[in-house]
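Notes follow the structure.
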Amino acid sequence: MTMNGRVAAIDLLRGLAIVGMVLSGQMLWNAGLPAAMFHAQLPPPSFAFDPSVPGITWVDLVFPFFLFSMGAALPFALRRREAQGARTRDILQSALHRWLWLVLFAVVLANTYMARLHNIPAWAAALATLVVWALFFAMFVRVPGMDRERNTWLNRGGAVALLVITALYRPVFGIDVSIRQSDIIILILAWMALTGTVAWWFTRRRLLVRLFLVALIALVQLSSAVEGSWCARLWQLTQAGWLFRWEFLKYLCIVLPGTLAGDTICDFLHESPAPGSRNQRQRLYTVLFALSLATLLGVVLWGLFAREAAWTVGLSLGLLLIAATTLRGMCDNDRTLYGRLLGATVCWLLLGLAAEPLEGGIKKDPATVSYFFVTSALALCVVQIALVGERSFRTDIRPLVACGANPMFAYTASGYLLAPLLTLTMLSGAVERMASLTPWCGFLRGVLFALLVVGLTWLFTRKNYYWKS
């Protein structure tokens, strides 16, 4: 159930998020593809941002799946630290260290990506980008067998070298460099790692307080739409807006439900670490349970994108009832674990569907309360399906799990490793010609990059080269 001490189902969810990021970022945006292939608020043919368009697509699940997996992993890491004797000061220090490393990562990413070097030869831009990737490697890697102190100095040296290289982009390449430029995804993840850690630590024995925080943030988000309210003023505060905005806290409405799922799984593993034996009938019920959740995921995506709210609610309730019915035929261990997780799925999904008519319908951008709760429920569906594969059939998709266990490596592999290598080997031209043949060939470009990222990450992870912040 674990990979190097990690929960494979949670890493699988994070791995799917990484693959989705690469796929959606590297496929060509072509008006000939269905609108469901893009962010709902960036519809073809113009792909102009339209915040009035409600609905979500598979692309809109990428970021919340990553946030949910981050939250679900926190209880495992922090409970282990607590068992080793870590105190509040130790937890806060490590959380601040991780935050600083991720903020630096976000700033360097935004200032050094290869497309910015358009004023120099392509081969030179590719080489410069590979140098930056090598320094990322030095900054984050945990080298197998290396002494901890030496590894720390390697990480620090990589961070200092990255700062120097980034500063040289202005005099050497004539590229504007600013600390105010950052990768917004990584910047939000940095703040969620910090605030999520603090929130879990101080509510680890106070479940109701954590639920209260989710409700409070959701209500502030809803009230921020009232012009002139204190909630609106809080969410719109812009002091040092390049580093932090109060509205970032709304994403805790995904991270904190993730921590609740992580606590549930962690508690169950502590109580019953080994899967019980199952007969053929019990396996059948477990498969039906997973199929009902997979169908639920598809129904919710279809219904909210097609704006069939009534059908979405009715079909969702029916599928949840089927899933609950299948619990009766499972073995005791499975019934306990999936019963707890399914109960959370029901709660978050119904809350999300009940809030869907508010704020003009569910949207990723600007993110709505229904978006937080619906995507949390769908992330829980994926985790439960992955658990069925692990526990009942001893199977998991190891390359995807590797991407989830090594997410920062996978996140940079596409733009900082693959793209420069394709440029230096003259293969990038062939890829672009293939991608321009038809709209679906443009989509295949994204598939190709995603497969290559998965393969590279799997290769390095198998050798135990993990990137850690």
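The values are calculated or read from the model by the stated rules, or taken from the named source; none is laboratory data. In this text the structure is predicted, and so the values were computed from the model without any measurement. All Cβ positions, glycine included, derive from the backbone under ideal geometry; neighbour counts span all protein chains shown. For the accessible areas, the whole protein counts, side chains as well, though only heavy atoms, and no ligand, DNA or RNA atoms are used. Shrake-Rupley method; radii C 1.70, N 1.55, O 1.52, S 1.80 Å.
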To the nearest 0.05, how large is the calculated FRET efficiency for ARG281 and THR88 if R₀ is 56 Å and r is the Cβ-Cβ distance?
0.70
Working out 0.36 nm times the residue gap between ARG462 and LEU211, then minus their Cα-Cα distance, what length gain in nm do you get to one decimal?
86.5 nm
What is the angle, in °, between the Cα long axis of helix 309-326 and the longest principal axis of the Cα atoms in the chain? Nearest 10 is fine, range 0 to 90.
70 degrees
Given a 1.4 Å probe, the accessible area of the stretch 122-190 per residue, as a whole number of Å², is 53 Å²
State the dimensionless ratio Rg/Rh of the stretch 214-315 (Rg: radius of gyration of Cα atoms; Rh: Kirkwood radius).
1.15
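On the accessible surface of the chain, probed at 1.4 Å, how many percent belong to carbon and sulfur atoms?
On the way: 13730 of 20890 Å².
Roughly 66 percent of what the probe reaches on the chain is carbon or sulfur.
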Give the Debye-formula value of log10 I(q)/I(0) at each listed q (0.19, 0.22, 0.24, 0.25 Å⁻¹), with one equal scatterer per alpha carbon of the stretch 405-452, two decimals each.
-0.64, -0.80, -0.89, -0.94
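May I ask for the Kirkwood hydrodynamic radius of the stretch 251-308, worked out over all distinct Cα pairs and given in angstroms to one decimal?
Result for the stretch 251-308, one decimal place: 14.4 Å.
With a 1.4 Å probe and every protein chain left in place, work out the accessible area per residue of the stretch 370-469 in Å², rounded to a whole number.
On the way: 3850 Å² over 100 residues.
Value for the stretch 370-469: 39 Å² per residue.
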Quick one: what does P(r) look like for the stretch 1-133 with 10 Å bins over all Cα pairs, in whole %?
10, 24, 30, 25, 10, 1
Tell me the volume per residue, in Å³, of the convex hull enclosing the alpha carbons of the chain.
160 Å³
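Evaluate the relative contact order of the chain (contact order divided by residue number), counting alpha-carbon pairs under 8 angstrom at least 6 apart; express in whole percent.
Working: 670 pairs, mean separation 136.2, N = 469.
After rounding, I find 29 percent.
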I want to check the label-to-label distance for MET434 and MET146. Put each point 7 Å from Cα in the C-beta direction and report it in nm to one decimal.
3.4 nm
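Computed FRET efficiency, Cβ-Cβ of LEU243 and ALA167, R0 25 Å: what is it to the nearest 0.05? Show your work: numbers first, answer last.
Working: r = 18 Å, r/R0 = 0.73.
Once rounded, the FRET efficiency stands at 0.85.
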Classify the stretch 306-385: rounded, prolate or oblate, from the alpha-carbon gyration tensor (a ≥ b ≥ c, eigenvalue square roots; a/c under 1.5 rounded; otherwise prolate if a/b is larger than b/c)?
prolate
For the Cα atoms of the chain, what angle does the longest principal axis make with the long axis of helix 122-140, in degrees from 0 to 90, nearest 10?
50 degrees
Over all alpha-carbon pairs of the stretch 315-457, lay out the pair-distance distribution in 10 Å bins, whole %, shortest bin first.
10, 25, 25, 26, 12, 2
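Counting pairs of alpha carbon atoms under 8 Å apart in space and at least six apart in sequence, what relative contact order in percent does the stretch 321-469 give?
On the way: 114 pairs, mean separation 28.1, N = 149.
Over the stretch 321-469, the number comes to 19 percent.
Quick one: accessible area per residue over the stretch 227-312, 1.4 Å probe, rounded to a whole number of Å²? Write down the numbers at each step before the final one.
On the way: 4360 Å² over 86 residues.
Solvent-accessible surface per residue comes out at 51 Å².
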At q = 0.13, 0.18, 0.20 Å⁻¹, what is the base-10 log of I(q)/I(0) for the stretch 358-439 according to the Debye formula with one equal point scatterer per Cα and no solvent? Please give it to two decimals.
-0.81, -0.95, -0.95
Compute the acute angle (0 to 90°) between the alpha-carbon long axis of helix 184-203 and the principal axis of greatest extent of the alpha-carbon atoms of the chain; round to the nearest 10°.
40 degrees
If the cut-off is a Cα-Cα distance under 29 Å, which lysines reach LYS363, setting aside same-chain residues fewer than 8 apart in sequence?
LYS250
